[in-house]
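**Q** The structure that follows is given in the form of structure tokens.
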4 protein chains.
Amino acid sequence: MFFASDNWAGADDRINRAILSQSGFKSGYNAGEADEAVRRQLSELFETEVSVWFVATGTAANSIALALAGKPGGVAFGHEEAHILVDECGGPEFFSGGRLCAVPGQNGKMDPQALVAAIARYPAGFVHHGRPAAVSISQATELGTFYRRDELAAIVAIARAEGLLVHMDGARFANALVASGMTPAEMTWKAGVDLLSFGGTKNGCWAAEAIVCFKPELSGELAFHHKRAGQLFSKSRFIAAQFSAYLEDGHWLSLARHANLMTEKLVEGLRRSGRARLFIEPQCNETFVVLNTATATALEAAGAKFFEWALPASHAGALQPGEKLYRLITSFATTPEHVTGFLEALERAG
Amino acid sequence: MFFASDNWAGADDRINRAILSQSGFKSGYNAGEADEAVRRQLSELFETEVSVWFVATGTAANSIALALAGKPGGVAFGHEEAHILVDECGGPEFFSGGRLCAVPGQNGKMDPQALVAAIARYPAGFVHHGRPAAVSISQATELGTFYRRDELAAIVAIARAEGLLVHMDGARFANALVASGMTPAEMTWKAGVDLLSFGGTKNGCWAAEAIVCFKPELSGELAFHHKRAGQLFSKSRFIAAQFSAYLEDGHWLSLARHANLMTEKLVEGLRRSGRARLFIEPQCNETFVVLNTATATALEAAGAKFFEWALPASHAGALQPGEKLYRLITSFATTPEHVTGFLEALERAG
Amino acid sequence: MFFASDNWAGADDRINRAILSQSGFKSGYNAGEADEAVRRQLSELFETEVSVWFVATGTAANSIALALAGKPGGVAFGHEEAHILVDECGGPEFFSGGRLCAVPGQNGKMDPQALVAAIARYPAGFVHHGRPAAVSISQATELGTFYRRDELAAIVAIARAEGLLVHMDGARFANALVASGMTPAEMTWKAGVDLLSFGGTKNGCWAAEAIVCFKPELSGELAFHHKRAGQLFSKSRFIAAQFSAYLEDGHWLSLARHANLMTEKLVEGLRRSGRARLFIEPQCNETFVVLNTATATALEAAGAKFFEWALPASHAGALQPGEKLYRLITSFATTPEHVTGFLEALERAG
Amino acid sequence: MFFASDNWAGADDRINRAILSQSGFKSGYNAGEADEAVRRQLSELFETEVSVWFVATGTAANSIALALAGKPGGVAFGHEEAHILVDECGGPEFFSGGRLCAVPGQNGKMDPQALVAAIARYPAGFVHHGRPAAVSISQATELGTFYRRDELAAIVAIARAEGLLVHMDGARFANALVASGMTPAEMTWKAGVDLLSFGGTKNGCWAAEAIVCFKPELSGELAFHHKRAGQLFSKSRFIAAQFSAYLEDGHWLSLARHANLMTEKLVEGLRRSGRARLFIEPQCNETFVVLNTATATALEAAGAKFFEWALPASHAGALQPGEKLYRLITSFATTPEHVTGFLEALERAG
């Protein structure tokens, strides 16, 4: 009954075997055959030539992407619950030399009007306040939702009108993609995204994160950002091997569909139970649920693993006395037995 | 005949199998059982309690270690051929916010008098020049040598007298260790080293690099440097698994001994050949050799892989017309056949 | 009728004459007799030995002070309208390598409960979020108020309990001081302030800003921050001369009392007029007033100089259609005629 | 007998009076009439439209100029004795996020071949080493010489061929200018200089330093660098006033000619004395002279003020036992009596 995080699972079998298949002597540093093979796979997938930069973590991908937009006084805008704002220990600010601005919005998504208002606080050429530099979109969001096609278009249109770089944090890109019905191209560059943090780790890899760059003219600068950040793996083909197996034959989509399906099953059970209140309508592989603390304690005693979640600022007042907010995450490795086990424990927790 | 780099080899078999053995759900972020197991292994090995921080690359390990010593106007001293000075794209300066100072010295090792002179250019409290902050020792050096016990003591004594943090870049720590006859403790904290960049990648792992901290009082700060740098792997046990297999039963030492032995064999052959001039007396797994460019071309045509090397500034004038400097590296994966093949090709190259 | 800013005035006469009195050859770089004389004046004034660092601007003073508290993942807390958050183009973040957190609160002052809640979002040792580093208090505030003795104590107590450095932005220190009835010592180190940005420019100097440090153990680090930031004036005695004349015989307090008195007169007139609504009860030398835009236009046509002000986020909805918020500032150089002229123009504006 | 530094003198009288002439209410922040007047004066002087940014110190001017050229892995090249490399406490590195590279050369001037060799260590697109970003030329140099027309052209040609930004550190611009016979335009943009640190402080002002930008397309970025660095003076007209008086009617050139002339007289006397050995042929207002330490002590006892100077690395071995290197600087305020007094004391010193 593991619902604590999608990075508690080990790696998917095909991916493990792919690592082993890498043998013999090969050049490294992002410039070998295996690296190039991934670039070709992603270029085909995204229906355009991309450049690809493997990194150790999503924090690194996001930080370097935003560093590319960095300039003195620069401000990057993201949802107030976004990973870049809450969970990266100031990495994006450190690498970019700039600031982040928290934009409010329901269900983990920036409200377009709030974004317009936030940007408007930086009139052009007024050095005292600083100036907008980038907009970062989490897809899926930190609250288990995703921007629909029109929602994505609305945010990007605002960024484009101001000449801002558009970054997408895709730590759970696959989960959002299969839920949205968009193609990879539609969800990124066709919608106006310049740089994507493309995550494979949460969806079945050991350590497969990459910056995917849709603007060839940015690649030269990215190369130096990437190396200086200490992110240029020498034996990079071992990341490449993971990505190749991940992407081949739509394997990554199957893994994500499974994770999302497990959340669907879980949510159905939670609704039926009458013992849990959905905080947000789940759309991918994360469920935010309000439980009585006694119920939560009983679930933990029964062996369920999951975390309490800090109430988002924009939902203050949403809890009754005795209640807390919890997060349940499913992954490629979640089994139907995990779900039914959890729901039965919930019944017993009564 | 692969002598281009020790990171052209894939991973050692035991290490590959160890990755596969990691299955099931486990917490991550450097805080799981597998992570703790490596910390205990290294604490035993180094005969003292250490803290351990997995990172993606040696550049990251070095940069974060030097960032810990960072202060306004701070200067870190290293050999003029050191990786931090030449091959890290300004990473140490970026992370530390400070500067590096190149110290000359024969055979890749800082000359103690030159180090004293370099430090003396920063009189205490004189803000205009800045101030010394750290000394970084490459062990093995970039030129395939290592600091002997007394040489190490001499450098550390200078650093200690000035109250500077002592860092060791151990990208090829194992190769130096088995060549030196010192114990891991003697080569580090017992000699006065505070922080070690401990490399496993060049010696048989896929991606196993760590900062090993011998000063418990620095660990709290390291944790935040490490996370902010985008180096906190979520599924960190996959690095841990590599290190555990690497360290178990002295496997890492066997791998390094093999690499050094292959260099010994190669060097014997080079001496015998009369067609190559040793530039520096090799002590670990790297050979710097002067060849006629025609000879080098013939070797490459025969399938040998190796790189030309820029002549170190301190050896200006060491080459005759028609000659160039080349680097030959052996690794855990180099076979006797690679060596004999190379030497035979050298014979034929005439 | 100049109410645009207290830095539109030139310099006070005594201060101008003091600059001229500096002649002959003297050593510089913060280490001459004139520099030391200011340090002694301020030490006497603050009833404790202080160190003093002249800087070009308040932005520099604030940025360097917060840089001293900087650490990876570090967060400094200030009121959402504070100069460091709104008007310094990311300087404090750049110099400190950290982040700022906006704390809400009425009348330009941080609400203690909001500060506690903001700090609580950073649980100790949890690297993902980062960690609190400093609290910055604007005295006077950006909205023309000041923290009373008990309000100051409440904020500092929270900071102290968390081990945070306490910084005071005293760009209008004198105006707050004479309004508060506290002594300089009571308003700073006796209340728990570690570092003060002490501003003289807005109150009659040309360019007299300084970091006043109440913690001797921080002085050594400050020296290097200060020089590296490009703030170590060579002919520093020319700043010293301004400060000496400013501080002598309580001249600075007279200047500030005059500025505050002019605001009092202005406020009385505004109240009587029935044509202006006070947005916040003025306590120092700034008045925030709601006017019909037609009225504002008429005043400007009559020659009055003043700026529109962006509505603070915490006062959303405070304006009626046709209304805007404006800021009126008085200074040492404001004359009673400026005030009566403005009030008469207001009458005429209908 | 003040020869310690050209910043030991106070300010020139005309400049002092100009500060006093600034009265009344005026807008500030580099955007007032007085600021614009200086911009026009400098545009006329340099025979092209320039943008001008007042800063507190030469360190700030140099650091911001080089920050403009900053990019990940970027390297700025300057003479090994240049102020940016030796006397700015790491400021240029901090602001630019990059590195400096020391280029050797006789008489304080970069040797063109050495510059070519230094740049050549960074092959294009090889991320490991980093990449060239800027060349910084000190005019006058730190050793009291200046680049002649052809020397300047040679250095700039190398920079231009590599697409590097060209910066000139003109802390003693006026002294070099009057010595060189070039026009301001010839010595800067006509020669290929992009950005100039234009110093007035050492030549008669209190605090008048500016970045002069010859490339309009860089101005927008400079504005944000400048503000973020804490260098945007509120009452900027007080810097403007100094510059206006400084530049009017060629006053700045008269001041510099006087300083240079005093050095000429001093040098004549030193030559005649037989008690001092010129270390470098003086060309502006600085004399580097070798004295017996006993002689130096006697001069100090007689009241002469001057500093010992660290022997440049490129002149190792230039001193005999009992000798040291000293620096003597003249300024706008040096009188013939200072010079004759010094020479008489030298005679008496035996």
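**Q** To check you understand DSSP bridge types, tell me what percent of the beta bridges within chain C (both residues inside) are antiparallel, rounded to 5. Mind showing how you got there, number by number?
**A** Details: 21 of 40 bridges.
Taking every DSSP beta bridge within chain C, about 50 percent pair in antiparallel fashion.
**Q** 7 Å from Cα along Cα→Cβ at both residue C:113 and residue D:185: what's the point-to-point distance in nm?
**A** Taking the two extended label points, one gets 6.9 nm.
**Q** OK, next. Which of the residues in the range C:124-149 lose at least 50 Å² of accessible area when you go from the chain alone to all protein chains together (probe 1.4 Å)?
**A** Hits at the 50 Å² cut-off: C:127, C:128, C:131.
**Q** Related question: Does the range D:252-349 come out rounded, prolate or oblate, given a ≥ b ≥ c as the square roots of the eigenvalues of its C-alpha gyration tensor, rounded meaning a/c under 1.5 and, failing that, prolate meaning a/b above b/c? All intermediate terms of the calculation are to be shown ahead of the outcome.
**A** Details: a/c = 2.01, a/b = 1.30, b/c = 1.54.
Verdict is oblate for the range D:252-349.
**Q** List the residues of the range B:261-290 whose backbone N lies under 15 Å from a point placed 7 Å from the Cα of residue B:320 along the Cα-to-Cβ direction.
**A** Output list for this probe position: B:274-279, B:290.
**Q** I've got another one for you. Explain nothing, just the number: relative contact order of the range D:252-349, from Cα pairs under 8 Å at least 6 residues apart, as a whole percent. Kindly include the intermediate steps, with their values, before the conclusion.
**A** Details: 135 pairs, mean separation 37.0, N = 98.
About 38 percent, as a whole number.
**Q** Could I have the simple spin-label model distance between residue B:253 and residue A:215, label points 7 Å from Cα toward Cβ, reported in nm to one decimal?
**A** About 5.4 nm, to one decimal.
**Q** To continue, here is another question. Got a sec? What order do C:190, C:227, D:71 fall in by accessible area at 1.4 Å, biggest, i.e. largest, first?
**A** Listed by decreasing accessible area, they come as C:190, D:71, C:227.
**Q** While we're looking at this one, here's another question. Rounded to a whole number, what % of the accessible area of the range D:13-250 do carbon and sulfur atoms account for, probe 1.4 Å?
**A** Working: 3550 of 6930 Å².
Its accessible area is 51 percent carbon and sulfur atoms.
**Q** Per the 1.4 Å probe, what fraction of the accessible area of the range D:252-349, in percent, lies on carbon and sulfur atoms?
**A** Details: 2240 of 4340 Å².
Here it works out to 52 percent.
**Q** Continuing with this model, one more query. Need the per-residue list for the range A:202-251: every residue with at least 50 Å² less accessible surface in the complex of protein chains than in the chain by itself, probe 1.4 Å, sorted by number.
**A** Residues shielded by partner chains are A:206, A:224, A:227, A:228, A:230, A:233, A:235, A:238.
**Q** I've got another one for you. One decimal, nm, shortest first: give the distances between the label point of residue D:308 and those of the same position in the other copies, each label point 7 Å from Cα along Cα→Cβ.
**A** Shortest to longest, the spacings are 4.7, 6.5, 6.5 nm.
**Q** Could you run the numbers on buried accessible area between A and B, total for both chains, 1.4 angstrom probe, in Å² to the nearest 100? Working shown, then result.
**A** Numbers: alone 15020 and 14980 Å², together 25750 Å².
Using a 1.4 Å probe on protein heavy atoms, the buried area is about 4300 Å².
**Q** Give, as ranges by residue number, the residues of the range D:328-350 whose backbone N falls under 11 Å from the point 7 Å along Cα→Cβ of residue D:302.
**A** Backbone N within reach: D:339-350.
**Q** How shielded is D:17-26 by partner chains, expressed as the average number of their Cβ atoms within 10 Å of its Cβ atoms?
**A** Across D:17-26, the average partner-chain Cβ count within 10 Å equals 5.
**Q** Next up: Given the pairs C:71/D:71; C:202/D:235; B:71/B:215, which span a C-alpha to C-alpha distance of over 20 angstrom in this model?
**A** C:71/D:71
**Q** Based solely on its DSSP helices, what 222 nm [θ] is calculated for chain D when runs of n ≥ 4 H residues each add -39,500 (n - 2.57) and the sum is averaged over all residues, nearest 500 deg cm²/dmol?
**A** Details: 13 runs with 140 residues, N = 350.
My calculation for chain D gives -12000 deg cm²/dmol from helical runs alone.
**Q** Label position 7 Å from Cα toward Cβ: report the copy-to-copy distances for residue C:274 in nm, one decimal, ordered from shortest.
**A** 6.6, 9.9, 11.7
**Q** At residue C:320, with labels set 7 Å past Cα in the Cβ direction, how many nm apart are the copies from this one, shortest first?
**A** 4.3, 9.3, 9.9
**Q** May I pose another question? Considering every residue in A:168-176, what mean count of other chain Cβ atoms within 10 Å of its Cβ is obtained?
**A** Values: counts 0, 0, 0, 1, 0, 0, 0, 0, 0.
That works out to 0 on average.
**Q** Rounded to the nearest whole Å², what accessible area per residue is found for the protein assembly as shown with the 1.4 Å probe?
**A** Heavy-atom accessible area per residue stands at 33 Å².
**Q** Per residue, how much space in cubic angstrom lies within the convex hull of the C-alpha atoms of chain A? Walk me through the numbers before you get to the answer.
**A** Working: hull volume 46.0 nm³, N = 350.
Convex hull volume per residue, Cα atoms: 131 Å³.
**Q** Roughly speaking, what is the centre-to-centre gap between the range B:178-247 and the range B:282-318 when only Cα atoms are used, to the nearest Å?
**A** 31
**Q** Using a ≥ b ≥ c from the Cα gyration tensor of the protein assembly as shown (square roots of the eigenvalues), is it rounded, prolate or oblate, where a/c under 1.5 gives rounded and otherwise the larger of a/b and b/c decides, a/b for prolate?
**A** Working: a/c = 2.00, a/b = 1.13, b/c = 1.77.
It comes out oblate by the Cα gyration axes.
**Q** For the rotation taking chain B to chain C, which residue of B has the Cβ nearest the axis, and how many Å away is it?
**A** B:97, 4
The values are calculated or read from the model by the stated rules, or taken from the named source; none is laboratory data. Please read all numbers here as calculations on a predicted model, not as lab measurements. Using ideal geometry, Cβ is built from the backbone for each residue, glycine included, and neighbour counts are taken over all protein chains shown. Heavy atoms of the whole protein, side chains included, go into the accessibility calculation; ligands, DNA and RNA do not. Shrake-Rupley method; radii C 1.70, N 1.55, O 1.52, S 1.80 Å.
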